[in-house]
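Working notes for the structure below.
Read-outs: derived from the displayed coordinates by stated rules, not from any lab. This structure is a prediction, so every number in the text was calculated from the model and none was measured. With ideal geometry, Cβ positions are generated from the backbone for all residues, glycine too; neighbour counts draw on all protein chains shown.
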Amino acid sequence: MKEVTEQGAYLQLAQLCARAEHCQYELTEKMRRWDMSDEAQARVMQRLVSERYVDDERYTRAFVHDKIRYNKWGRRKVEQALWMKHIDEDIQERVLSEVDDDEYIAVLKPLLQQKRRSIKADSDYELNQKLVKFALGRGFTFDIINQCMAVLVFLLVMVASTVNAQPRRQRVAFTTDTAMVHDPVMAFEDGKYYLLSTGMGIQWATSEDRKTWTVQPTPFMKDIPQWTRDSVPGFRNHVWAPDIIHKDGLWWLAYSCSTFGKNTSAIGLMVSEKLSGPWRDCGPLVCSHEWRKDRATGKTEGNNWNAIDPNFIIDDEGTPWLTWGSFWDGIQMARLDHTMHLASAPKTIARRVALRDTLKTEANPTSQSAGRNAIEAPFIFRHGDYYYLFVSWDYCCRGAKSNYRVAVGRSKNVAGPYIDRNGKDMLNGGGTIFLEGDKQEYEAAGHCAVYHFPSAQTGQETGDGGQDIFICHGYSTKMNGAALLIQRTIKWTPDGWPTL
């Protein structure tokens, strides 16, 4: 290949950018194929950027617009493509946050209507499964799919009843025995189960038997407090990983506000006398921040943990505690006061690997910022003489490529130390595998919760007063990695370890 000089590279790339938008990664790859030195590549790129031939945010805005409007892609597929092009996560989040739900719905709804006409299915259930799989394959998120599926059901009802008026798009409830959820938790009140999960303002569904779920058309959170957006740049209304508990005659709801791969995050708190509301904002429960230098003091301040994935636990003396965490330095824990706010400093109780071994593990394929300590989503459950700490290891949110799994340890003290079945402290990377994907029904599974439901609630008399139920989301093998609700009954070994 003929040698390309710096000036020649600049002229060729400038001409290329004048014809169409390109990102820095694409141009860098061209210079790499020209065998230019790293220093020469950096000088050419700096010149192209300073003269505005290349601008990654401008490129991203055009890319997102074209892929959604013309290629009919959903957000997940767009995000994956931008990640492959090494677009900065802040730019991705900033541009994608400008896209309203209505834009995705306007693209997906006609796609599903057209696809429905060509699908062969023996039942409505099979038809819906195939439509969901199709939408997931195009990268649409679960909440957008749910809204569009609800619209399809609504339109079919209108046609069947020969209503001639043109219906306006509106969200309607629908029932399913295949609940699509991320990060599920449950609560029970007045003969009804509530299933809360990650989604716009928290996705929720209700059921009388935990088999058939009615997916509700409106967010569980009627209003998202303004402080959440002020505290977490880039956060709008996509609320992650809630938890809920009943204490002293009140329901307490914790929820996560964050952006992917960042630890500038917050866990919010709300309270209500009834699950049906109204809910009152109680402000932030705990916040975390990326490391940054304070201009006034010159000091570098921040947190080496991430304030998401909350879980409440009440100890034997009635004292409430909160555990939380995702990546960085792992799972944190703190005691709460009577207002359910932090009354003690956080401490680390579990890591994926011991600190000394962190750099020996594989690099994080989803976020450079979050590091390699792939542990999150703690949930503590009391059984017998022990508190059991369930955590999720490895990587979620990658569809069929996810390798999420659940590990467990136990302690006689709510604050730890939590020890696995082989005697290893979870603070140093211990944990006994409890559940992982079987590659037949689920590729991976994680972000769990555990409950004791009395037999009057489960409808099954067990002889011991009820059942211990394990729930989580699993990435379905048959549905192209769709995240579905998993429910299993826990059994206990003679030496007090949980099994499924």
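So which helices of the chain fit the span-like rule, where a helix is a whole DSSP H run, its Cα atoms reach 15 Å or more along the axis, and its mean Kyte-Doolittle is at least 1.6?
Passing helices, by number: 142-160.
List the cysteines of the chain that have no other Cys Cβ closer than 4.7 Å: which are they?
By the Cβ distance rule, which asks for a partner under 4.7 Å, the isolated cysteines are C17, C23, C148, C257, C282, C287.
Check the straight Cα-Cα distances from K30 and name the aspartates and glutamates below 17 Å, setting aside those fewer than 8 residues away within the same chain.
E3, E6, E21, D38, E39, D55, D56
Straight-line reach from K412: which lysines fall under 27 Å, measuring Cα to Cα and dropping same-chain residues less than 8 apart?
Once the sequence-local lysines are set aside, what remains near K412 is K247, K347, K424, K491.
Could you pull out every one of the lysines with an alpha carbon less than 25 Å from that of K115, ignoring same-chain neighbours closer than 8 positions?
Here the lysines satisfying the reach criterion relative to K115 are K67, K72, K77, K130, K133, K478.
Using only DSSP helix segments of four residues or longer, with each worth -39500 (n - 2.57), what per-residue ellipticity at 222 nm results for the chain after dividing by its residue count and rounding to 500?
-8000 deg cm²/dmol
Place a +1 charge on the Cβ of each Lys and Arg in the chain and a -1 charge on the Cβ of each Asp and Glu, then give the dipole magnitude about the Cα centre in debye, rounded to the nearest 20.
About 1400 debye.
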